[in-house]
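The values are calculated or read from the model by the stated rules, or taken from the named source; none is laboratory data. What you see is a predicted model; the values in this text were computed from it and never measured. Virtual Cβ from ideal backbone geometry, glycine too; neighbours counted across all protein chains shown. Quick note on the areas: whole protein, heavy atoms, side chains included, nothing else; ligands and nucleic acids left out. Shrake-Rupley method; radii C 1.70, N 1.55, O 1.52, S 1.80 Å.
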2 protein chains.
Amino acid sequence: MLTLLHQTLCPHSRFVRLILGEYGQEPQLIEERPWERHEDFLKLNPAGSLPVLIEEGQPPVPGASIIAEYLDETRGAEQGEARLLPISISQRVEVRRLMAWFNERFFDDVSGPLVGEREFKRHMTVEQGGGPPDSSALRAARHNIRYHLAYIGWLVQTRDWLAGERLSYADLAAAAHLSAADYLGEVPWTDNDAAKHWYARVKSRPSFRALLTDTVAGMLPSKHYANLDF
Amino acid sequence: MLTLLHQTLCPHSRFVRLILGEYGQEPQLIEERPWERHEDFLKLNPAGSLPVLIEEGQPPVPGASIIAEYLDETRGAEQGEARLLPISISQRVEVRRLMAWFNERFFDDVSGPLVGEREFKRHMTVEQGGGPPDSSALRAARHNIRYHLAYIGWLVQTRDWLAGERLSYADLAAAAHLSAADYLGEVPWTDNDAAKHWYARVKSRPSFRALLTDTVAGMLPSKHYANLDF
């Protein structure tokens, strides 16, 4: 039995939920508010960040990229061609490069500020960093997302999926971060058809269904959020 | 033949140099100034960050944690008990957790601001972000390092090495970041004896020698930097 400490719109948590979905795992999901810094949570992950995966008999696995490696070693190795981190050394480099690109760069540039400013801050006290959204952070994120969409579009013009011929962690990471922004209606899909078609393919996978039924209190998803033909 | 694009005081580059040293690899080192954003460099790593490892027949491997995984798969697997990312799944979680702790948290809190403000900014134009060091960033880093030293000291009070019974990536990552701060005379060693003794053990390893002979133009290392009995 797997348990995932997560936040509904946390892009890193969504990435792990997609991996688990692809590997046929149904974790118990527990919402955690890392900004409240609960002592029990900090014992599980001293870094105080999400997500954290709990599996009996193992130490808590903290952070999206460490969880991805853990799931590759404990689940992926038996998946054959459906393995999300491919066997070939050179492909592993490319998948990890893009996984880091989205989990770090895209998060810093786009999904982190959008979700932090528009969703998480609503639940924080002033001491925890709460308050109204910082409009200059939102403006920068809305500017940056166009470059990232263009990069995704450029990648899928020569490849079936972001890192090559098969679905990989790269696609799930990118789609997870975009899905959080899309919930907020912050993805300018008309900007890039190639990126939009790639996202439609990822979005239609069964692993995505649970994300599309997510809602957060006090904020409805954008109208097209759950629509497979958006 | 391995080539490493690096910066002398870049903590992430130093981490990779230590791994290569432990595995008996002598890379060709090429200094790169990522803030100059050379086109050839951005082709190798679109993220524009250091280090980047080049091995013939493989794609360029960008970033310390991806390089660490790459070297584990191509070099570590044949190292037996000297493997720096241990075989046991639970130990791999702990080593990766601490590796990320130092490469991300310690870097953001301490080594990034110290090296960025005191060394890299000297070589940047104003447009590239150069200028005098930001004294509030330095003050925060000097405050934060004490908590990190205490955490290291706490870890090695119950373990031989940071992640367990053997030297691992966790030790090399922590020591790499500390070594960059130590070059600048920024580590308050008298604060924590346990942390100091652990560092002395890592520092005395043959893999560390090349780092101890490093110098950067226009800034001498701290007096005790290369001293094994500091």
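Observations, loosely collected:
- Note on region B:126-185: residues that are in a loop (DSSP other than H, G, I, E, B) and either basic (Lys, Arg) or within 21 Å of B:PRO51 (Cβ to Cβ) (or both) amount to 7.
- Restricting region B:77-101 to residues that are among the basic types (Lys, Arg) and facing chain A (nearest Cβ under 9 Å), the residue that is surrounded by the fewest Cβ atoms within 10 Å (Cβ to Cβ): B:ARG97
- Extreme residue, most open to solvent (accessible area, probe 1.4 Å), among residues of region B:200-227 that are over 14 Å from B:ARG17 (Cβ atoms) and in contact with a helix residue (DSSP H, G or I) (Cβ under 6 Å, 6 or more places away or on another chain): B:ALA226
- When A:VAL115, A:VAL61 are checked against the criterion of being without any contact (Cβ under 8 Å) to a residue 24 or more places away in the chain, more than 26 Å from B:PRO60 (Cβ to Cβ) and open to solvent by less than 20 Å² (accessible area, probe 1.4 Å), A:VAL61 stands alone in meeting it.
- Hits in region A:176-203 (condition: within 21 Å of A:HIS6 (Cβ to Cβ) and not aliphatic (A, V, I, L, M)): A:HIS177, A:SER179, A:ASP182, A:TYR183, A:GLU186, A:LYS203
- Exactly one residue among B:LEU149, B:LEU155, B:LEU162 is away from every other protein chain (no Cβ under 14 Å) and either under 23 Å from B:GLN79 (Cβ atoms) or open to solvent by less than 50 Å² (accessible area, probe 1.4 Å) (or both), and that residue is B:LEU149.
- Selection count, region A:29-65, where residues are farther than 12 Å from A:HIS12 by Cβ and away from chain B (no Cβ under 12 Å): 14
- B:ALA68 vs. criteria within 14 Å of chain A (Cβ to nearest Cβ) and either surrounded by fewer than 17 Cβ atoms within 10 Å (Cβ to Cβ) or more than 23 Å from B:ARG97 (Cα to Cα) (or both): no
- Restricting B:ARG205, B:ARG159, B:ARG139 to residues that are closer than 27 Å to B:ILE87 by Cα and free of Cβ contacts under 8 Å to residues at least 12 places away in the same chain narrows the list to B:ARG159.
- Test: residue in region B:119-126 that is over 16 Å from B:ALA180 (Cα atoms) and open to solvent by less than 30 Å² (accessible area, probe 1.4 Å): no
- Flag if B:VAL110 is touching a Leu at 6+ places or on another chain (Cβ under 7 Å) and either assigned to a helix (DSSP H, G or I) or at pLDDT 95 or above (or both): no
- Filter result (among the basic types (Lys, Arg), open to solvent by 70 Å² or more (accessible area, probe 1.4 Å) and under 16 Å from the mean Cα position of the chain (by Cα)) within region B:14-57: none
- Pairs where the first residue, in region B:217-230, is within 16 Å of B:LEU178 (Cα to Cα) and not assigned by TED's automatic domain parsing to the domain that holds B:ALA180 and the second is assigned to a loop (DSSP other than H, G, I, E, B) and hydroxyl-bearing (Ser, Thr, Tyr), C-beta under 9 Å, 6+ apart: B:PRO221/B:THR215; B:ALA226/B:THR213; B:LEU228/B:SER204
- Test: residue in region A:1-8 that is among the β-branched types (Val, Ile, Thr), over 26 Å from B:HIS148 (Cα atoms), more than 10 Å from chain B (Cβ to nearest Cβ) and part of a strand (DSSP E or B): yes
- Taking (1) within 16 Å of A:ALA176 (Cβ to Cβ); (2) open to solvent by 50 Å² or more (accessible area, probe 1.4 Å); (3) in contact with a strand residue (DSSP E or B) (Cβ under 9 Å, 6 or more places away or on another chain) in turn, A:ASP108 satisfies each apart from (3).
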